[in-house]
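Visitor: Got a structure for you, written out below as C-alpha cells; questions coming shortly.
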Amino acid sequence: MPGAHDNRRDRELLGRLAAGSLDALAELYDRHAAPLFRHALVLIRHRPDAEDLVQTVFMKLATTGAELLAVRQPSSYLHQMLHTTWIDAQRRKAIGERAAVQAHGDAVAWLQPCGGALESAVDVARALEALPALQREVVLLHAIEGFSFREIGRMTGVSLFTAAGRYRLGVSRLRKTLSPGQEDA
C-alpha cells in the first residue's frame, strides 16, 4: 500500500495531470496500473477485459480535469474509479442483454461456474474465482492490496461494516472450498 511519500507524489502528479501534463499521466499509469489490473481481474476474470477496464480508468482520469486537485487519497480514488466504471459496464451489459432478448425473443446464454475437486495450488485461484464478485473484490483489496475496510467502503460505495462483512463471508467461503469437511471453529 502506498505510503505518505507515495501519496504526496501521486497528488503532485494529479495536479500536473489536471494542468494537462501527459508525462504525469504516464507516471501515474506506471505507478498504479498493476494493482488496478489485479483489482480488475478479480472483478472480471478475463484478462483482455480487465486490461480494457484499466485503460478505460486511465482514459477517464486523463479527461477528469480540475476535480483531480481535490483528491486526497489517489490510490483509493483510482480503485474507486475502477469499481464504478466496472459497475457502469455491468449495468450497460445487463440493459443490452435485456434489449437483445426482447428484440430477438432468444434466451441469453449464461456461463456456468466451474466446479470440481480442488487438488493443487491453483485451487486458491479457482476458489477465488468461485466467490461472488463483490466478495472477491474485497478479499483482493484487503488481503492483497492492503486497504482498510473503511477505504474499501469508500471505494465501493458501501459502509465499512458491509465491506468487512463481504470480506468475512468471502474468507469463510474460501475456507469451506479449500478445506471441505472441516467445520468452522
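Visitor: Would you order Glu151, Glu67, Glu27 from fewest to most other beta-carbon atoms within 10 Å of each residue's own beta-carbon?
Guide: Glu67, Glu27, Glu151
Visitor: Please work out, to two decimal places, the log10 of the ratio I(q)/I(0) at q = 0.25, 0.27 Å⁻¹ from a Debye calculation in which every Cα of segment 1-66 carries one identical scatterer.
Guide: Computed log10 I(q)/I(0) values: -1.06, -1.12.
Visitor: Which of the trypsin sites (Lys or Arg not before Pro) across segment 1-77 are loop residues per DSSP, with 13 or fewer other Cβ within 10 Å?
Guide: Passing sites in segment 1-77 are Arg72.
Computed from the coordinates by the stated procedures, all read-outs in this text should not be read as laboratory data. Fair warning: this is a prediction, and the values are worked out from it, not measured in the lab. Neighbour counts are summed over all protein chains in view; Cβ atoms, including those assigned to glycine, are modelled from backbone coordinates with ideal geometry.
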